[in-house]
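Please read the structure below before turning to the comments.
The values are calculated or read from the model by the stated rules, or taken from the named source; none is laboratory data. Owing to the predicted nature of the structure, the values given are computational and were not obtained by experimental measurement. Backbone-built Cβ (ideal geometry, glycine too); neighbour counts: all protein chains shown. Ligands, DNA and RNA are stripped out before the accessible areas are found, and what is left, the full protein with its side chains, is counted by its heavy atoms. Shrake-Rupley method; radii C 1.70, N 1.55, O 1.52, S 1.80 Å.
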Amino acid sequence: SHTVQNDYESLDVHVGQCFGVLVTANQEPKDYFVVASTRFTKGEVIATGVIRYNNGKGAPSPKLPPPPVGWAWSLNQFRTFRWNLTASAARPNPQGSYKYGSINITRTIKLANTAHKVDGKLRYALNGVSYVEPTTPLKLAEYYNVADKVFKYDNIPDDPPSEITKVTMEPIVLNMTHRNFVEIIFENRETAIQSYHLDGYSFFAVAIETGNWSPEKRKNYNLLDAVSRHTIQVFPKSWAAILLTFDNCGMWNIRSEVWDRRYLGQQLYASVVSPNKSLKDEYNMPDGALVCGVVENMPKPPPPYT
């Protein structure tokens, strides 16, 4: 149970990956149940908690709502999420405008997830490549100008083939142009729900639909009031589209939020380098930073950013 100090509190909680909790207690001050139920699982498990107000008047209602069944409910719920453009508040400001629907897309990247056996062991992949960690950290190799000894940029295609029959294992790094406005399509070719997270950014989740993505699907995008977020779900045999400006320099992880999938290769990195070598865009590596791998015995390069 949880005691709330005010009678207008709003609580938004995520519990694990199979539970979701959303409570808005803008009602009369009394006790209220919080109900969490499993989603996308074979069995159904329900847990309850109680929110108690200091000035509450009465016990919670014993009648609990039935849990939503199936992922169609969640898909419809996603379509109801809208940004309140009439509210007076700060908003994301890509390329000088929060009107993201009017910005030209400069690159489209489609990421298709698959599962395969490699040498008899299960691996998860994006566009036919399963990510493995190099012995030299990616950003360290880039800072020392020896990236070519550690990884290859853009080693997966922006548009994967319709059939992915085999998987290779190597680091995956996308070379992103600073401040380009990019469209990323997450295509789920499997029967399990997927969830993807992007470090370092928020993006506009403009569409989630069943089936296969094609350029014609852009007519269904929400180009007005999509919610800015950093994680998006992709339902079985479905796709999700996001739009964002890569204006935050660094080496940023795009990964599955399903832990075993991330650990077994369903992730990659996006490299965004400052073209002006400006400290306004990125800091230099700290003087006391530890080094390893191929750069361990190399002289430290002069600071690239001024």
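Give a quick list of trypsin sites (Lys or Arg not before Pro) in the range 217-249 that DSSP marks as loop, anything other than H, G, I, E or B, with at most 16 other Cβ atoms within 10 Å. Intermediate values should be presented prior to the final figure.
Numbers: sites: K217, R218, K219, R229, K237; in loops: K237.
Filter output for the range 217-249: K237.
Is there a quick way to get the dipole size of the chain? I mean about its Cα centre, with the Cβ of Lys and Arg at +1 and of Asp and Glu at -1; what is the value in debye to the nearest 20? List each step's numbers first, then the result.
Working: 32 positive and 29 negative charges, 101 e Å.
Here the size comes out at about 480 debye.
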Select from G43, L223, I103 the residue farthest towards the positive end of the dipole of the chain; place +1 on Cβ of Lys and Arg, -1 on Cβ of Asp and Glu, and compute about the Cα centre.
G43
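In terms of solvent-accessible area of protein heavy atoms at a 1.4 angstrom probe, what is the ranking of D148, D31, highest value first? Show your work: numbers first, answer last.
Working: D148 125, D31 25 Å².
The most accessible residue leads, giving D148, D31.
Rounded to the nearest 0.05, what FRET efficiency is calculated for N284 and T108 with R0 set to 25 Å and r the Cβ-Cβ distance?
Working: r = 33 Å, r/R0 = 1.32.
It comes to 0.15.
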Taking +1 at the Cβ of each Lys and Arg and -1 at the Cβ of each Asp and Glu, which of M169, Y283, A125 sits farthest along the dipole of the chain towards its positive end, judged by Cα position relative to the Cα centre?
A125
Suppose only helical runs count, i.e. DSSP H with n ≥ 4. What mean residue ellipticity at 222 nm does that imply for the chain under -39500 (n - 2.57) per run, divided by all residues and rounded to the nearest 500 deg cm²/dmol?
-1500 deg cm²/dmol
Would you mind telling me the share, in percent, of accessible area of the chain contributed by carbon and sulfur at probe 1.4 angstrom?
53 percent
Calculate the radius of gyration of the Cα atoms of the range 114-272 to one decimal place, then report Dmax, the largest Cα-Cα distance, as a whole number, both in Å.
15.6, 47
Within the range 205-239, whose backbone N sits under 14 Å from a point 7 Å along Cα→Cβ of A87?
225-229
Exposed GluC sites (Glu not before Pro) being those in a DSSP loop with at most 13 other Cβ atoms within 10 Å, the longest stretch of the chain free of them is 164-295
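What number comes out for accessible area per residue over the chain if the probe is 1.4 Å? Units Å², please. Present the calculation step by step, with values, prior to reporting the outcome.
Values: 17030 Å² over 306 residues.
Result: 56 Å² of accessible area for each residue.
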